[in-house]
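In what follows, a single structure is set out as structure tokens and then discussed.
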Amino acid sequence: MRRVRRSAAGCAVTALLVAVVVAPAPADASLPWGPQVTLTESALGGVHGTSPDATVRNVLAVTAAGDNLRVRLSNPSGTALTVRAASVGLQATAGSPALERRSARPATFGYRRGVTIAPGASVWSDPVRLRVKAGDHVAVSVYAPGAPVGDHDFPPPETHTPGSFLSSGPGDATGDESGGAFGTFRPGTLWWVDAVSATSLARGTIVALGDSITDGYGAVGGGPRWTDVLAGRLEAQPPHRRLSVANAGISGNTVSVQPNPYDPTNQCCGPPAPQRLDRDVLSLPGVTYVFLLEGTNDIGGGQYAPPAPAEQVIGAMREIAARVHRAGKKIVGATVLPMCNAAGSDREATRLRVNEWIRTSRTFDAVVDFDAVLRDPKDPTVMYEPWRNDCYHPNAAGDRILGNSIPLEVFGLPGYGRN
């Protein structure tokens, strides 16, 4: 479920005097400038190479309106990450590195322009005075030459595409609004930036915790990911009912703690879901609901890990749900999609057992039966062909079906069901 990767060339740089972040505290949803929710997310998969002497302009679409933006930079592992400068602005037009005129704002961290982030740590910027509406593309530019590249890299969906631009020359280009310092768009590649939050009238955030089906792999044929479809439906609700959506999908991720099936270094696909739950879900501002869609990679197995038994997958889901509940949040479970496993095979038996447990165990606050939505009525071991990209992934039409199939009642919106 993961098609892996390349890395950036590196160079050494002279260290600056900056604030050192050893163990930053989680963001608080009730900060002095108002309640914060998470507007977008790009859960980091691992560390790949070293940053050249260049500026990276990351572009992410937000799913709700807000102001007092804060961005989170993370350093998943490796060595210390020294950021010399960062900025936040609004992308002028899709596919362009240019920013809207006078939208660029320097990002500071404890009122300093530079920050050093310890391995495994994250840091939130101070609030940036910038107002956004749902669907805006926020550009977060980071200059961190010689730093380990903690990134999110995946074959991107065709719309609402996250990605980045790399400057063509050395030096700090974080303040360049014209975009002239930057090269072409690299869809699906983000460095260091893993969340954007804001003061918002939205009443909370849904975090979609998942693998490549949530990440957007295979959403081809013209259309957004299922999480983007869901976000659009929520944005159409009355203002006091709206929720933002944060996509914490990582291609190749597993729901249980095990060696990754696709990469023996465990750097391709993020830590297993229980190990990244705090970083990618519980530490985010304003989280009220978690939507769990995982298990395909565990059940399918790969070159570096055998298929997992049902007990392992169920145990991991039970642990995640318990931790979410202890944190005072609700969790919605989704059934595992068909995987082209032959009827009667061990893998298909495992998938069916896991799905029956999801439907009947009452572990989750609500269940959405994605399996029933996309399976072929003539052969329930496969997805319906017009909605399938490959054996594991829906295409864009399938993603739209999934996003529209979710009853909004599962998020406390009575009377607002499927589209």
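Might you check whether a residue that is over 23 Å from the mean Cα position of the chain (by Cα) and surrounded by fewer than 18 Cβ atoms within 10 Å (Cβ to Cβ) occurs anywhere in segment 387-397?
Within segment 387-397, not a single residue is over 23 Å from the mean Cα position of the chain (by Cα) and surrounded by fewer than 18 Cβ atoms within 10 Å (Cβ to Cβ).
Can you tell which of A342, A334, A366 is of a type outside the set (V, I, T), under 21 Å from the mean Cα position of the chain (by Cα) and at pLDDT 95 or above?
Only one candidate passes the filter, namely A334.
Is there any pair linking a residue in segment 327-344 that is not assigned by TED's automatic domain parsing to the domain that holds M383 to one that is of a type in the set (S, T, Y), with Cβ under 8 Å and at least six apart or on different chains, and which?
Final answer for the pair search is none.
The rows are residues; the columns are (1) crowded, with 17+ Cβ neighbours inside 10 Å; (2) over 26 Å from F154 (Cα atoms); (3) not basic (K, R).
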| residue | (1), (2), (3) |
| --- | --- |
| Q275 | no, no, yes |
| V281 | yes, no, yes |
| V290 | yes, no, yes |
| I299 | yes, no, yes |
| M317 | yes, no, yes |
| A342 | no, yes, yes |
| F364 | yes, yes, yes |
| F370 | yes, no, yes |
| L374 | yes, no, yes |
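Is it true that some residue in segment 370-379 is among the β-branched types (V, I, T) and closer than 21 Å to G315 by Cα?
no
Against the definition (under 23 Å from L282 (Cα atoms) and crowded, with 24+ Cβ neighbours inside 10 Å), how does T199 come out, yes or no?
In short, no.
Just one of G163, G110 is farther than 18 Å from N68 by Cβ and either touching a residue at least 12 places away in the same chain (Cβ under 8 Å) or not assigned by TED's automatic domain parsing to the domain that holds G222 (or both); which is it?
G163
From G169, G180, which residue is farther than 20 Å from T50 by Cβ and either buried (at least 19 other Cβ atoms within 10 Å of the Cβ) or out of contact with any strand residue (DSSP E or B) (no Cβ under 6 Å at 6 or more places or on another chain) (or both)?
Testing whether each residue is farther than 20 Å from T50 by Cβ and either buried (at least 19 other Cβ atoms within 10 Å of the Cβ) or out of contact with any strand residue (DSSP E or B) (no Cβ under 6 Å at 6 or more places or on another chain) (or both) leaves just G180.
Which number in (1) more than 30 Å from A321 (Cα to Cα); (2) of a type outside the set (V, I, T); (3) buried (at least 23 other Cβ atoms within 10 Å of the Cβ) marks the one condition that L190 misses?
(1)
Do you know which residues across segment 91-111 are assigned to a strand (DSSP E or B) and crowded, with 21+ Cβ neighbours inside 10 Å?
Answer for segment 91-111, where residues must be assigned to a strand (DSSP E or B) and crowded, with 21+ Cβ neighbours inside 10 Å: Q91, L99, F109.
Evaluate the following for L99: is it of a type in the set (A, V, I, L, M) and free of Cβ contacts under 8 Å to residues at least 60 places away in the same chain?
no
Test L130 against the stated conditions and say whether it is part of a loop (DSSP other than H, G, I, E, B) and touching a strand residue (DSSP E or B) at 6+ places or on another chain (Cβ under 8 Å).
So L130 passes the test.
Could you say which residue among I117, I213 is assigned by TED's automatic domain parsing to the domain that holds L60 and surrounded by 19 or more Cβ atoms within 10 Å (Cβ to Cβ)?
Unique residue meeting the criteria: I117.
Go through the residues of segment 289-305 one by one and say whether even a single one is at pLDDT 95 or above, among the hydrophobic types (A, V, I, L, M, F, W, C), touching a helix residue (DSSP H, G or I) at 6+ places or on another chain (Cβ under 9 Å) and more than 19 Å from T40 (Cα to Cα). Spell out the reasoning first.
Of all residues in segment 289-305, those at pLDDT 95 or above come to 289-305.
Retained after the next criterion (residues that are among the hydrophobic types (A, V, I, L, M, F, W, C)): 290-293, 299, 305.
With the extra rule that they be touching a helix residue (DSSP H, G or I) at 6+ places or on another chain (Cβ under 9 Å), the set shrinks to 290-293, 299, 305.
From what is left, the residues that are more than 19 Å from T40 (Cα to Cα) are 299, 305.
Taking every residue of segment 289-305 in turn, at least one turns out to be at pLDDT 95 or above, among the hydrophobic types (A, V, I, L, M, F, W, C), touching a helix residue (DSSP H, G or I) at 6+ places or on another chain (Cβ under 9 Å) and more than 19 Å from T40 (Cα to Cα).
Could you tell me whether any residue of segment 246-253 is more than 14 Å from the chain's Cα centre (by Cα), within 18 Å of I299 (Cβ to Cβ) and assigned to a loop (DSSP other than H, G, I, E, B)?
There is no residue in segment 246-253 that is more than 14 Å from the chain's Cα centre (by Cα), within 18 Å of I299 (Cβ to Cβ) and assigned to a loop (DSSP other than H, G, I, E, B).
Is there a residue in segment 233-242 that is touching a residue at least 60 places away in the same chain (Cβ under 8 Å) and surrounded by 24 or more Cβ atoms within 10 Å (Cβ to Cβ)? Spell out the reasoning first.
Start the filter on segment 233-242 by keeping residues that are touching a residue at least 60 places away in the same chain (Cβ under 8 Å), which leaves 233-235, 237, 241-242.
With the extra rule that they be surrounded by 24 or more Cβ atoms within 10 Å (Cβ to Cβ), the set shrinks to none.
Taking every residue of segment 233-242 in turn, none turns out to be touching a residue at least 60 places away in the same chain (Cβ under 8 Å) and surrounded by 24 or more Cβ atoms within 10 Å (Cβ to Cβ).
Which residue out of L243, L284, L230 is closer than 20 Å to A65 by Cα, modelled with pLDDT of 95 or more, in contact with a Lys or Arg (Cβ under 7 Å, 6 or more places away or on another chain) and not polar (S, T, N, Q)?
Result of the check over L243, L284, L230: L243.
Name the strands (runs of 3 or more DSSP E) wholly within segment 33-88 that hold at least 1 residues that are under 17 Å from the mean Cα position of the chain (by Cα) and within 30 Å of L201 (Cα to Cα)?
Those strands (runs of 3 or more DSSP E) span 34-41, 55-61, 67-74.
Got at least one residue in segment 279-293 being among the polar types (S, T, N, Q), in a strand (DSSP E or B) and in contact (Cβ under 8 Å) with a residue 24 or more places away in the chain? It would help to see each step written out before you state the result.
Quick first cut of segment 279-293, residues among the polar types (S, T, N, Q) only: 283, 288.
If we keep only those that are in a strand (DSSP E or B) too, we end up with 288.
Checking which are in contact (Cβ under 8 Å) with a residue 24 or more places away in the chain leaves us with 288.
Taking every residue of segment 279-293 in turn, at least one turns out to be among the polar types (S, T, N, Q), in a strand (DSSP E or B) and in contact (Cβ under 8 Å) with a residue 24 or more places away in the chain.
Give the residues of segment 249-273 that are crowded, with 23+ Cβ neighbours inside 10 Å and at positive phi, sorted by residue number.
G252, G270
Using the structure shown, decide if C268 is in a loop (DSSP other than H, G, I, E, B) and modelled with pLDDT of 95 or more. Let's see the steps before the verdict.
Values: in a loop (DSSP other than H, G, I, E, B): yes; modelled with pLDDT of 95 or more: no.
Considered against the rule, which asks whether it is in a loop (DSSP other than H, G, I, E, B) and modelled with pLDDT of 95 or more, C268 comes out as no.
Of the numbered conditions (1) crowded, with 24+ Cβ neighbours inside 10 Å; (2) at pLDDT 95 or above; (3) not basic (K, R), Q36 fails exactly one; give the number of that condition.
(2)
The values are calculated or read from the model by the stated rules, or taken from the named source; none is laboratory data. These figures come from a predicted structure and were not determined experimentally. Neighbour counts run over all protein chains shown; Cβ positions are idealised from the backbone, glycine included.
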